[in-house]
Amino acid sequence: MIIQAGFSLSTVYLISKTARHFYGENTARIVEFFCGLYPPLIYYCAKLVPTTIFLLLLAWTIYRLLQAEEKMLRYYLLTGFILGLAILCDPIAFVFYPAIFFWFLFSKKINFFRILVISIASIILLTPWTIRNYKIHHRFVPVTTQFGINFWIGNNPQATGTDYFKVLAPEKEDYILMTATLPPPLLDSLNSCSEIERSEYYSRQALEFIKNNPLKFICLLVKKTYYYFWFAPSSIYFSPDLEKYRSIYILLYIPLLITGLAGIFLSVKNHKDISLVLTVLGLIAGLYIFTHVGLIRYRLPVELYLLLFSGYLVAHFRRETA
């Protein structure tokens, strides 16, 4: 728990540094206050999950990229290594590659050589794990084979958008996982396959579903977008802690969502270059929505930066009314 708390404090420090980079000292102090008191960030300090490590690496990568102008070569190498660690922690961080490229195209805050150095450094860090995967699976697998099943979970005839098909009785932790909707003989057959074969099977099934049911796929995308930025109903998503604290969480999340979105609008209006942050968060959200949503930790990267933009909004109105 102490180590997890250390990761969270470091994340808050980096978010405040990012706020200082964009908006100055007053906003940074408000953002520190907001992050330090935000219950979901405190909650994950007591959980042995990679979420706190990933948030730290995400915030660290973004901050270093924002500071990347006119730095020494070793700065970009270290930034690439941090990005590589983020990808190893959670492959969703692969979104940084297209995000940095789009940032380069539209803002000109980083040149192509620096992108290349950062990318090569991150790939170097990933290489030992990729070699290990090749020796085991005899296929090119950069990090994990999990994408196939995640893709299928959110895109199949029984899909609800979450990990679950149905929650029968939340108070008794009685639920049906999406994989349990498959016939038992098929499940047994898949369990006897290799990870690669399983992943390829699930990917094929998901693609076939999308091809044959484009309207239902679009409806699922809309539903998953709603669940990602709000909350999935208790009938199709189960979490003991969320059920216990759902009302409190909603009361805290509503003002954060409103003020955070308003802060983004105000930043754009005042010509603040927040394109890198918005692109990274948009791609993270989009990838989860494309596969499956439900777990609150999937949304934490977005909430973390909503705290930053919310702090900017508050600081702006304090200045206007002073």
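Here are a few things to note about the model shown:
- Size of charge dipole - the chain - debye, nearest 20, with Cβ of Lys, Arg +1 and Asp, Glu -1, no other charges: 720
- Taking other residues whose beta carbon is less than 12 angstrom from the beta carbon of residue 294, and scoring Lys, Arg as +1 and Asp, Glu as -1, yields +3.
- Scattering curve values for region 13-151, log₁₀ I(q)/I(0), Debye with Cα scatterers, q = 0.11, 0.12, 0.17, 0.19 Å⁻¹: -0.49, -0.58, -1.05, -1.19
- Centre separation in Å (Cα based) which lies between region 204-281 and region 141-162: 18
- Degrees separating the helix 195-212 axis from the principal Cα axis of the chain, which is the longest one: 90
- Among the protein heavy atoms of region 214-297, carbon and sulfur supply 75% of the accessible surface, probe 1.4 Å, non-protein parts ignored.
- Correct choice for semi-axes √(5λ) of the Cα gyration tensor in Å that was computed from the model, options (i) 34, 26, 18; (ii) 62, 19, 15; (iii) 31, 22, 21: (i)
- Mean residue ellipticity, 222 nm, helices only, the chain: the sum of -39500 (n - 2.57) across DSSP H runs of n ≥ 4, divided by residue count and rounded to 500, is -23500 deg cm²/dmol.
- Between 150, 26, 270, the Gaussian network model of the chain with springs among Cα atoms under 10 angstrom shows the greatest mean-square fluctuation at 270.
- Part-to-part distance (alpha-carbon centres) for region 78-133 and region 29-47, which is given in Å: 27
- Trypsin sites (Lys or Arg not before Pro) within region 91-145, DSSP loop, no more than 12 other Cβ atoms inside 10 Å: 108
- Shown here for region 12-83: trypsin sites (Lys or Arg not before Pro) in loop regions (DSSP other than H, G, I, E, B) with at most 14 other Cβ atoms within 10 Å, namely 47, 71.
- Calculated accessible area for the chain comes out at 51 Å² per residue, all protein chains present (probe 1.4 Å; ligands, DNA, RNA ignored).
- Rolling a 1.4 angstrom probe over region 38-176 with all protein chains present gives an accessible area of which 67% lies on carbon and sulfur atoms.
- Working from Cα pairs under 8 Å separated by at least six residues, relative contact order for the chain is 22 percent.
- Highest GNM mean-square fluctuation among 35, 219, 45, for the chain modelled with Cα contacts below 10 Å: 219.
- Cut-off of 10 Å, at most 16 other beta carbons, DSSP loop: longest stretch of the chain lacking such GluC sites (Glu not before Pro): 174-322
- The Rg/Rh ratio of region 126-246, with Rg taken over Cα atoms and Rh as the Kirkwood radius over Cα pairs, comes to 1.03.
- Within the chain, the longest run free of chymotrypsin sites (Phe, Trp or Tyr not before Pro) that sit in a DSSP loop with at most 15 other Cβ atoms within 10 Å is 1-139.
- Listed residues 57, 283, 266, most fluctuating in the chain (Gaussian network, C-alpha, under 10 Å): 266
The values are calculated or read from the model by the stated rules, or taken from the named source; none is laboratory data. Remember, predicted model here, so these are calculated numbers, not experimental data. Heads up, the Cβs are rebuilt from the backbone with ideal geometry, glycines too, and the neighbour counts pull from every protein chain shown. Accessible surface areas use protein heavy atoms only, side chains included; no ligands, DNA or RNA. Shrake-Rupley method; radii C 1.70, N 1.55, O 1.52, S 1.80 Å.
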